[in-house]
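Notes follow once the structure below has been shown.
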Amino acid sequence: MRLKFILYILISHISLQITYAQQRDTLKKDTANARQLKEVVVTGTRTPKSLQQVPIPVTRITADEIKKKGLVRLNEVLSEQTGMTILDDPHGQGIQIQGFDPAYTMILIDGLPLIGRNTGILELSRITTNNIDRIEIVKGPTSSLYGSEAMAGVVNIITSDPVKGVSAGLSTRYGTNKTADISLNSAYKSDKFYISGFANRYSSGGYTLQPSSGLPTVSPFEGYTLNAKSSYKIDAKTTIKLSVRYYTNDQDSKYLVDNRYAGGTGTEKDFNIAPVITHRFNDKLLSTLQLYRSTYKTNSDVRYTDDQSVYDQTYFNQTFNRAELQNDYTLRDNLKLTAGAGGQYESVEATRYEKLQSFTSGYGYFQADWLPVKKLDIIAGGRYDVHSVYKSQFSPKLAASYALSPKFTLLSSLGKGYKAPDFRQLYLNFTNAEVGYSVFGYEEAAAGIARLQQQGQIESILIDPSTLQRLNAESSTAFNLGYRYKPNSKLYWTANLFRNNITNLIETAPIAIKTNGQSVFSYFNLNKVYTQGAETDLTYQLLKPLQVGGGFQYLEAYDQDVLDQIAAGKVFTKDPVTNLTKEIKRSDYGGLLGRSKYTYNIRVNYLDEKTGVNASIRAIYRGRYGYKDADGNGIVNRDDEYTKGYFLVNASLSKPFLKDALRIQLTSQNLLNYKDSQVILNLPGRLIYAGIIYNFNKTN
Amino acid sequence: MNKLTTLSLALGSAFILLASCSKNNDVVTPETSKLTTKTVADLDGSTTNVYYSLSTGTQITGADTATNKWDIKFKGTSIFVNSGTSGIGTTQAQIVSSTFEALTVAPTADYKTDASGTPAISGWYTYTNTTEPQHAILTVPGKIIVVKTSDGKYAKLEIISYYKGNPNTTTAEFANLATRPASRFFTFRFAYQGDGTTSFK
């Protein structure tokens with residue numbers, strides 16, 4: 001009846017209390033509080049839901065945990081999570097979930113998607129975690145609610161709401177490689193109104209793993225995040241809210257091109273604005289109207305240092321606009337319905353596209369959350385996306401959790417996920433100036449080939465562009481089965497088995513040969529792959545001050561076509577000693593590149609109640625993974641095609657002063673100074689930081 | 001059950017026989033077959049183009065390189081056949097995906113002669129560029145070159161190494177450009193069927 005309303009009020013009240021407690025006594029009380037309170041998550045169902053009950057795998061990371069570890073950027077936080085791996089890629093630091101590449105995980109801030117991906121990767125260090133309340137991670141396809149991209153999962157960063165009265169804070173961290181992170185925040189909140197402002201500066205002098213080359217591995221950069229949020233309760237039933245976020249980053253670059261130095265600056269700008277109005281019509285119906293506009297721009301100008309002539313000048317402008325209405329309706333106490341609809345307009349204009357390209361799309365989604373008996377929670381839903389360029393998509397999902405006891409919940413879910421062809425795959429028009437190959441998006445292929453033919457650049461056509469199959473969305477069917485076990489306030493143990501069958505993966509393949517001997521590529525729905533594995537995580541309060549934890553993931557990720565080829569005896573390798581060809585066996589195949597079969601982590605946290613001193617140490621192991629094909633068969637199979645497995649040890653030590661208003665912290669990442677300068681370029685070696693955090697709050 | 005055991009025994013011994021056949025080609029070849037197999041080590045192509053005759057198993061030099069006496073020619077990373085744009089002969093070739101041993105019958109069709117830009121033999125190596133071992137020419141596994149010589153005889157050929165002494169290319173010594181053995185030294189093995197059939201048994 002009124003349950004939902006009460007729950008809603010309760011939830012907002014509770015979360016306020018947590019923040020308030022954090023403000024006064026950052027670390028001491030929260031652990032106890034969080035255990036006692038019902039932890040609430042919103043990302044898995046787009047409605048507030050108890051973490052113990054929600055029937056899909058969800059991880060919840062609180063600001064408190066992040067602070068204890070001395071972490072400030074999203075990539076740092078996610079890299080320590082069980083079942084998540086930050087990939088080393090020249091296009092940015094992105095996350096791998098359940099064996100999926102970063103392109104398949106949607107990154108949200110307060111439920112709204114971030115845009116701006118470089119070949120599918122959204123650089124996670126763009127996102128500061130200094131102004132957040134928590135991070136929620138949903139694993140498994142969530143396209144039934146979020147549409148394209150949410151195929152491996154969703155990472156939702158939930159920013160913090162201010163506490164009552166006037167509050168302000170300063171947080172700094174400085175250390176190795178002149179890396180500095182400074183945040184300032186201030187807020188005012190009354191019963192009906194709040195406004196908060198946040199500013200962050202993140203800069204680094206960069207580093208090099210090849211000092212003799214005189215070239216940086218990561219160039220110096222300087223980034224700013226500005227964030228403002230305001231909310232006003234017009235009456236008991238209606239609230240309006242506005243949030244604005246701006247991010248800009250300048251990064252120098254330096255290359256060696258044909259024995260000449262080239263250098264310049266690249267700028268990245270990200271702007272989001274999101275007004276929202278919520279209205280409670282009655283006890284049963286809550287409506288949310290959300291508008292969202294996001295723009296992402298990059299600009300880079302790289303010139304030869306000797307004569308200032310242009311080496312590369314590029315720009316990229318992307319916009320994303322959305323209007324969405326969601327209705328949450330409590331039909332009965334045990335049956336809640338959610339229905340939403342929205343429209344989107346996206347565009348991109350860039351050096352590598354012929355002209356401004358745009359997409360229009362519309363979607364509707366529906367979800368029923370039903371508890372036929374108290375112990376059983378069934379969620380059924382689906383989303384239908386209609387798109388101006390590619391085929392319409394329907395993404396259903398069915399999930400259920402069953403509480404065998406109040407302490408033990410079984411959960412399982414079955415769902416579909418998809419990822420639409422992106423602008424690049426549809427519209428790219430690119431010719432590599434140095435090597436001479438060309439790549440055309442599906443929509444550009446025919447015109448591109450015709451143009452090259454006219455210029456006499458085509459030697460032979462391999463696939464007539466007019467016969468190309470229309471590019472379809474990549475899609476997956478996934479199954480997750482697991483449990484949550486919480487026998488008392490000391491122990492929390494989760495486990496999950498997963499399987500993802502992915503079809504229609506978009507890959508490049510040659511469609512013509514140019515007179516210079518190079519190929520012309522376009523995009524095709526080619527591969528069929530699957531990933532499967534198991535994940536488990538456990539946290540245990542061993543002694544009053546001592547908490548230990550650990551997590552483990554086993555992962556298999558294989559290309560089905562390669563498996564078929566191996567079964568047919570058509571894949572070969574060379575014996576490294578004799579260099580003679582031999583046939584590959586199933587057991588020789590190492591699966592997809594960049595996937596570690598084994599990853600695990602061990603965590604220890606010690607909090608001295610008396611002094612407030614907190615010590616945290618975490619060891620993260622990433623097992624060996626294939627990173628190249630050395631024997632020319634296109635797959636990973638030989639020992640020299642793998643990296644070594646390695647440990648990263650991160651630690652942090654902090655002590656509060658002035659009744660916890662001030663906290664001094666010492667943080668180290670990669671304490672063992674692990675480096676692999678040939679293969680792993682995102683590991684700069686040992687990093688040491690010192691930090692100061694100051695919080696101020698006046699209630700009247 | 002008994003029948004099954006007998007059958008599997010029979011199959012098993014047949015398999016062993018076959019396997020031993022392929023290991024000792026020159027010993028157990030049937031009388032009618034004129035199959036010769038040979039491994040050529042470090043054919044030196046480092047200074048000049050090298051011409052080779054599969055029927056005689058020898059290098060061809062001097063004035064004979066302008067005749068149809070040779071079958072294949074090594075020039076850097078390119079391997080040519082004696083036809084089309086490469087020579088006056090009618091040698092043809094194609095690449096078959098297989099191990100050397102498993103290829104027991106030559107295809108009867110789809111052979112190509114050399115033409116400008118599209119040689120009959122390509123794709124037998126990869127260039128590593130900037131991945132380790134850097135700037136190396138590595139032979140691609142499973143690329144068996146099948147040659148139909150100017151006088152219509154069939155041969156199969158596997159390129160084993162592009163470097164002197166057929167080194168292990170996964171070692172640090174090979175990765176180091178200072179200690180890497182000299183390139184353009186071809187090690188390869190081939191089986192030449194002198195009876196004119198497509199059989200490599």
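Do you know which of the residues in the stretch A:631-665 that are within 14 Å of chain B (Cβ to nearest Cβ) and among the basic types (K, R) is farthest from B:G142 (Cα to Cα)?
Once the filter is applied, the top-ranked residue is A:K644.
Is it the case that A:N185 is over 15 Å from the mean Cα position of the chain (by Cα) and either closer than 18 Å to A:K416 by Cα or surrounded by 23 or more Cβ atoms within 10 Å (Cβ to Cβ) (or both)?
Judged against the criteria, A:N185 is not a match.
Condition first: within 13 Å of A:G632 (Cα to Cα) and in contact with a Phe, Trp or Tyr (Cβ under 7 Å, 6 or more places away or on another chain). Now tell me which residues in the stretch B:103-132 satisfy that.
B:Y125
Taking A:D328 as the residue in question, decide whether it is acidic (D, E) and surrounded by 15 or more Cβ atoms within 10 Å (Cβ to Cβ).
When the stated conditions are applied, A:D328 passes them.
Among the candidates A:L672, A:L681, which residue alone is over 30 Å from B:G123 (Cα atoms) and within 14 Å of chain B (Cβ to nearest Cβ)?
Unique residue meeting the criteria: A:L681.
Given the conditions (1) in contact (Cβ under 8 Å) with a residue 40 or more places away in the chain; (2) of a type in the set (D, E); (3) surrounded by fewer than 14 Cβ atoms within 10 Å (Cβ to Cβ), and given that A:E443 satisfies all but one, which numbered condition is not satisfied?
(3)
In the stretch A:51-79, what residues are out of contact with any Ser or Thr (no Cβ under 7 Å at 6 or more places or on another chain), buried (at least 22 other Cβ atoms within 10 Å of the Cβ) and in a loop (DSSP other than H, G, I, E, B)?
Selection gives A:P57, A:S79.
Restricting to the stretch B:130-149, count the residues that are touching a strand residue (DSSP E or B) at 6+ places or on another chain (Cβ under 9 Å), more than 23 Å from B:Y52 (Cβ to Cβ) and surrounded by fewer than 19 Cβ atoms within 10 Å (Cβ to Cβ).
Qualifying residue count for the region: 1.
For a quick check of your reading of the model, give me the residue pairs whose first member lies in the stretch B:183-194 and is away from every other protein chain (no Cβ under 13 Å) and within 15 Å of B:I144 (Cβ to Cβ), whose second is in a strand (DSSP E or B) and of a type in the set (F, W, Y), with beta-carbon atoms closer than 7 Å and at least 6 apart or on different chains.
So the pair list comes out as B:Q193/B:Y154.
Just checking, which of B:N129, B:N166 is under 30 Å from A:V679 (Cβ atoms) and in contact with an Asp or Glu (Cβ under 9 Å, 6 or more places away or on another chain)?
None of the others qualify; the one that does is B:N166.
Condition check ((1) part of a loop (DSSP other than H, G, I, E, B); (2) within 28 Å of A:P102 (Cα to Cα); (3) of a type in the set (F, W, Y); (4) touching a helix residue (DSSP H, G or I) at 6+ places or on another chain (Cβ under 8 Å)) across all residues:
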| residue | (1), (2), (3), (4) |
| --- | --- |
| A:D161 | yes, no, no, yes |
| A:S167 | no, no, no, yes |
| A:T172 | no, no, no, no |
| A:N185 | no, no, no, no |
| A:Y188 | no, no, yes, no |
| A:D191 | yes, no, no, no |
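Determine if the stretch B:79-88 includes at least one residue that is closer than 16 Å to B:I160 by Cα and either assigned to a strand (DSSP E or B) or not aliphatic (A, V, I, L, M) (or both).
Among the residues of the stretch B:79-88, at least one is closer than 16 Å to B:I160 by Cα and either assigned to a strand (DSSP E or B) or not aliphatic (A, V, I, L, M) (or both), which makes the answer yes.
When residues of the stretch A:652-692 are filtered for being under 20 Å from A:K610 (Cα atoms) and either buried (at least 16 other Cβ atoms within 10 Å of the Cβ) or polar (S, T, N, Q) (or both), how many remain?
Number of matching residues: 9.
Among the residues of the stretch A:621-630, how many are within 13 Å of chain B (Cβ to nearest Cβ), outside any strand (DSSP E or B), crowded, with 18+ Cβ neighbours inside 10 Å and under 25 Å from the mean Cα position of the chain (by Cα)?
So the answer is 1.
Checking A:S460 against (1) touching a residue at least 60 places away in the same chain (Cβ under 8 Å); (2) farther than 24 Å from A:W370 by Cβ; (3) hydroxyl-bearing (S, T, Y), which test does it fail?
(1)
Within the stretch A:290-303, count every residue that is within 20 Å of A:I195 (Cα to Cα) and either at pLDDT below 95 or buried (at least 16 other Cβ atoms within 10 Å of the Cβ) (or both).
Looking only at that region, the number is 2.
Would you mind listing the strands (runs of 3 or more DSSP E) fully within the stretch B:112-178 where at least 1 residues are of a type in the set (S, T, Y) and within 10 Å of chain A (Cβ to nearest Cβ)?
Here the list reads B:125-127, B:137-139, B:154-163.
Which one is nearest to A:S190 (Cα to Cα), of the residues in the stretch A:209-231 that are touching a residue at least 40 places away in the same chain (Cβ under 8 Å) and either surrounded by fewer than 15 Cβ atoms within 10 Å (Cβ to Cβ) or aliphatic (A, V, I, L, M) (or both)?
The selected residue is A:V218.
Yes or no: A:Y345 closer than 30 Å to A:Y427 by Cα and touching a Ser or Thr at 6+ places or on another chain (Cβ under 8 Å)?
Taking the combined requirement at face value, the residue satisfies it.
The values are calculated or read from the model by the stated rules, or taken from the named source; none is laboratory data. Bear in mind the structure is a predicted one, so any value in this text is a computation, not a measurement. Don't worry about glycine lacking a Cβ; one is built from the backbone with ideal geometry, like all the others, and counts go over all protein chains shown.
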